[in-house]
Structure formats: C-alpha cells, structure tokens
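The structure under discussion appears below in the form of structure tokens.
The values are calculated or read from the model by the stated rules, or taken from the named source; none is laboratory data. Predicted, not measured: the structure shown is a model, and the values here were computed from it. Here the Cβ is made from the backbone with ideal geometry for all residues, glycine too, and neighbour counts use every protein chain on show.
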Amino acid sequence: MTKYFLSLPHDAAEEPTMADMDPAELQKIMAEVGAFNTALEEAGAFVTAGGLQPPSTATTVDYSGDSPVLTPGPFVEAKEYLGGFWIIEAENDDVAIEWTKQASRALRSRVEVRALQEEPPA
C-alpha cells in the first residue's frame with residue numbers, strides 16, 4: 001500500500017492555533033476529526049497525525065558545513081505554512097482522495113494530499 005501525506009495549509013499572516021478558536025466550534029471540529037481518525041484506524045489506513053505549532057516557533061538547523069548553524073524561524077518565508085498533517089495508507093490515489101475529502105469536511109478547511117516517494121526497485 002502507498003503512504004499518503006495529507007497536509008493542512010494555514011495563512012501565514014494569521015498563525016492560528018487551537019487556543020485562538022471559539023471553544024464550542026473547536027469542540028465540534030475535534031469531535032468530527034476524532035470520528036475521522038477512528039474511521040481511518042478501523043479501515044487500517046491510519047499511520048500517524050499531528051498538529052504543528054506556528055512557524056514563528058521553528059528553528060532551522062543547517063549542518064551541511066563544518067558546524068551546525070541554527071536560525072530562529074522557518075527555513076522559508078511563505079504566505080502559507082503547514083499547520084498539521086496525517087499520514088495514511090491507501091490502495092491508490094482515488095482512495096486517498098476520498099479520505100482527504102472526509103478530512104477536509106471534518107476540519108472545514110483545505111487539505112492537500114500527496115503520495116510519499118517510495119524507494120525505487122533495485
């Protein structure tokens with residue numbers, strides 16, 4: 001089975017977190033996301049998932065030279081950033097897209113889906 005990365009884009013100008021949301025709306029969304037996660041698990045499609053802190057909390061590490069260089073903040077400035085993700089397993093793109101539709105519906109947000117690269121045959 002192919003693994004797919006479902007990513008949740010956020011507007012970089014806002015850096016929203018769950019703490020900023022209306023508690024009643026957050027509770028409703030979390031219940032729907034919980035039901036989605038349960039459906040993934042029951043189907044054997046769930047690998048892992050998580051929400052990320054905003055980019056302003058990031059540290060970029062570059063140890064490609066003689067010593068590591070640590071830079072506060074994200075490695076690139078962008079109008080959007082990755083706010084969270086799922087990694088799922090699916091038989092094909094069509095199945096992954098169906099799961100992604102459900103994720104988007106539960107979150108009331110856009111969700112991007114892409115297959116993870118697989119090691120080429122030897």
*For segment 48-60, which residues satisfy the criterion of being surrounded by 15 or more Cβ atoms within 10 Å (Cβ to Cβ) and modelled with pLDDT of 95 or more?*
49
*Residues located in segment 61-75, provided they are modelled with pLDDT of 90 or more and surrounded by 10 or more Cβ atoms within 10 Å (Cβ to Cβ)*: 61, 62, 69, 71
*Can you tell me which residue in segment 90-122 is nearest to residue 47 (Cα to Cα), limited to those that are buried (at least 16 other Cβ atoms within 10 Å of the Cβ) and of a type in the set (Gly, Ala, Ser)?*
90
*If you go through segment 6-59, how many residues are part of a loop (DSSP other than H, G, I, E, B) and either touching a Pro at 6+ places or on another chain (Cβ under 7 Å) or aliphatic (A, V, I, L, M) (or both)?*
9
*Quick check: is even one residue across segment 36-47 of a type in the set (Asp, Glu) and surrounded by 12 or more Cβ atoms within 10 Å (Cβ to Cβ)?*
no
